[in-house]
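The values are calculated or read from the model by the stated rules, or taken from the named source; none is laboratory data. Note that the structure is a prediction, hence the values are computed from the model and not measured. Methodologically, a virtual Cβ is constructed for each residue, glycine included, from the backbone with ideal geometry; neighbour enumeration extends over all protein chains shown. Please note that ligands, DNA and RNA were not included when accessible areas were found on the heavy atoms of the full protein model with its side chains. Shrake-Rupley method; radii C 1.70, N 1.55, O 1.52, S 1.80 Å.
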Amino acid sequence: MDAWFHKQNKLIQVLLLLIPFVNYITEILVRWSAFLKKGGILRLIICIIVTIPSGIIIGWLDAIWVLITNRLILE
């Protein structure tokens with residue numbers, strides 16, 4: 001899922017991260033997919049933080065971060 005997300009253009013990425021319920025699901029799928037592929041303690045901590053209900057707010061921050069840097073926060 002993380003590879004699919006990163007292949008999308010910036011507009012699609014931002015739209016996926018701005019829509020409230022969609023951004024929560026997108027964050028969970030992209031973060032856990034990256035963790036399963038690459039591992040790491042920092043990725044695991046971010047996955048757990050995103051999975052709890054604050055993931056919607058993190059998704060909105062990620063939308064802004066994607067606009068600026070073309071990457072997710074702490075990726």
Residue hits (the range 33-62; in a helix (DSSP H, G or I), modelled with pLDDT of 90 or more and of a type in the set (G, A, S)) are S33, A34
The number of residues in the range 10-69 that are open to solvent by 30 Å² or more (accessible area, probe 1.4 Å) and among the polar types (S, T, N, Q) is 3
Looking for something polar (S, T, N, Q), over 15 Å from L74 (Cβ atoms) and in a helix (DSSP H, G or I) - is there at least one such residue anywhere in the range 4-21?
yes
